[in-house]
Amino acid sequence: MDATRKISNIALIGFMGTGKSSVGRLVADQLHFTFLDTDDVLVSRAGKPIAEIFAQEGEPAFREKESALVHELTLRTRTVISTGGGLPVNPANLASLKTHALVMCLWASPEKIHERVHGQSHRPLLNDPDALAKIRALLAAREPSYRQADVLVNTEMRSVREVAHQVIHQYRLALSAHR
Ligand code: S3P
């Protein structure tokens, strides 16, 4: 990593169901940072759930709102940013996050993700008769983007608390390397 990188925030990227929001909340709590979830901001701005944004305005409109929000985040400090699973697929979004945040990707296998999101209906991309096949295909397509993160954290056999601990550890390591 470039030693002159500015690290004012932590950004969590990764597939749906890898625990970005739960881990992010805990990390923010422990570091006394603000917590921001990009999906929550977009839902509150649109005044409707993500499934409705997708259904009424289409995915490209959602992605535009997402990118506009990413641009606003460059002004933040001491914030843990939990991002929607598709956000880093746009290289400009990832590049923007890297100008101010340490970007960490939470990782899990398709089977584990399926187990975690099973029965939830608020994610339009997973409303598919064969959700596991959809997860496998989307994850494989997105893996190159997720691998652009500064740090990859495996969440597979770890509790939310353990993953949060690992995120904080990696953040402190990165800060000390940049002093
Ligand atoms: C999406 C992930 C969701 C949400 C939207 C699209 C994706 O966020 O942004 O449903 O493309 O992977 P989570 O990863 O927080 O579920």
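Worth a mention:
- If only the Cβ of Lys and Arg carry +1 and only the Cβ of Asp and Glu carry -1, the dipole of segment 127-179 around its Cα centre is close to 240 debye.
- For segment 115-179, Kirkwood radius (reciprocal of mean inverse C-alpha pair distance, Å): 14.4 Å
- Between residue 63 and residue 161, the modelled labels are 4.0 nm apart [label points 7 Å from Cα along Cα→Cβ].
- Using the rule -39500 (n - 2.57) for each DSSP H run of four or more residues, divided by the residues of the chain, the 222 nm mean residue ellipticity is -16000 deg cm²/dmol.
- Charge dipole (Cα centre; +1 on Lys/Arg Cβ, -1 on Asp/Glu Cβ; no other charges) of segment 1-122 amounts to roughly 400 debye.
- Of the residues 100, 32, 122, the one with the fewest other Cβ atoms within 10 Å heads the list, and the complete ranking is 32, 122, 100.
- Relative contact order computed over the chain (Cα-Cα under 8 Å; 6+ residues apart), in percent: 35 percent
- Summing +1 for each Lys or Arg and -1 for each Asp or Glu among the other residues whose beta-carbon sits under 14 angstrom from that of residue 169 gives +1.
- Relative contact order computed over segment 64-149 (Cα-Cα under 8 Å; 6+ residues apart), in percent: 32 percent
- Projecting the Cα atoms of 154, 67, 110 onto the charge dipole of the chain, computed from C-beta unit charges around the Cα centre, puts 154 farthest toward the positive end.
- Note on the chain: Cα convex hull, mean projected area over all directions, 9.8 nm².
Just so you know, all these numbers are worked out from the coordinates, no wet-lab data involved. Here the structure is a predicted model, which is why all the values come from computation and not from measurement. All Cβ positions, even for glycine, are placed from backbone atoms using ideal geometry, and neighbour counts span all protein chains on display.
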